[in-house]
Amino acid sequence: MATADERDRGIHIGEVHGAFAIGDHNTVTHNENTPGRPGTDPAHEELLAAVRQLREDLARVIETPQVTLLTAELADAQEEIETTGRTAPGRLDRLRTALADAGAVTGMLASGAAVGQAVAALLGG
């Protein structure tokens, strides 16, 4: 039988991140969200992908005040989703307005339509 001192010399695990297994015949399944982003629902994931694509597309168009404003709103929305996993309703309203104001440019871009549809879905119409 081990003494208290002998037992204290065993394995000590202070802090664990991720998945691990100890012993034989273990199965480990590890599901982890993107670092810094809490569980993001599919609708916000769709919006995030569309926002990223539209930002890339807008980098290739002629800069106008409306495009500048839209680019800023897209950057803010992207940061908010990446940080919190969602967007606040006020952000979605501003994004919808900026999309409409830059409609002459975004109307020609499939990515602009995708962002508009994702915003409409999140706002319920």
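The table below lists the values:
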read-out: Some residue of the stretch 24-32 being closer than 30 Å to V119 by Cβ, modelled with pLDDT under 85 and more than 10 Å from the chain's Cα centre (by Cα); value: yes
read-out: Extreme residue, nearest to V67 (Cα to Cα), among residues of the stretch 101-125 that are among the hydrophobic types (A, V, I, L, M, F, W, C) and crowded, with 17+ Cβ neighbours inside 10 Å; value: A102
read-out: The stretch 42-65: number of residues that are among the small types (G, A, S) and open to solvent by 80 Å² or more (accessible area, probe 1.4 Å); value: 1
read-out: Residue in the stretch 92-100 that is modelled with pLDDT under 90 and surrounded by fewer than 17 Cβ atoms within 10 Å (Cβ to Cβ) present; value: no
read-out: Residue in the stretch 66-73 that is open to solvent by less than 50 Å² (accessible area, probe 1.4 Å), aliphatic (A, V, I, L, M) and within 16 Å of A118 (Cα to Cα) present; value: yes
read-out: Hits in the stretch 43-75 - residues which are among the acidic types (D, E), out of contact with any Ser or Thr (no Cβ under 9 Å at 6 or more places or on another chain) and without any contact (Cβ under 8 Å) to a residue 40 or more places away in the chain; value: E45
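The values are calculated or read from the model by the stated rules, or taken from the named source; none is laboratory data. Just so you know, these numbers come straight off a predicted model, no measurement behind them. Methodologically, a virtual Cβ is constructed for each residue, glycine included, from the backbone with ideal geometry; neighbour enumeration extends over all protein chains shown. To get the accessible areas, we keep the full protein, side chains included, count just its heavy atoms, and leave off ligands, DNA and RNA. Shrake-Rupley method; radii C 1.70, N 1.55, O 1.52, S 1.80 Å.
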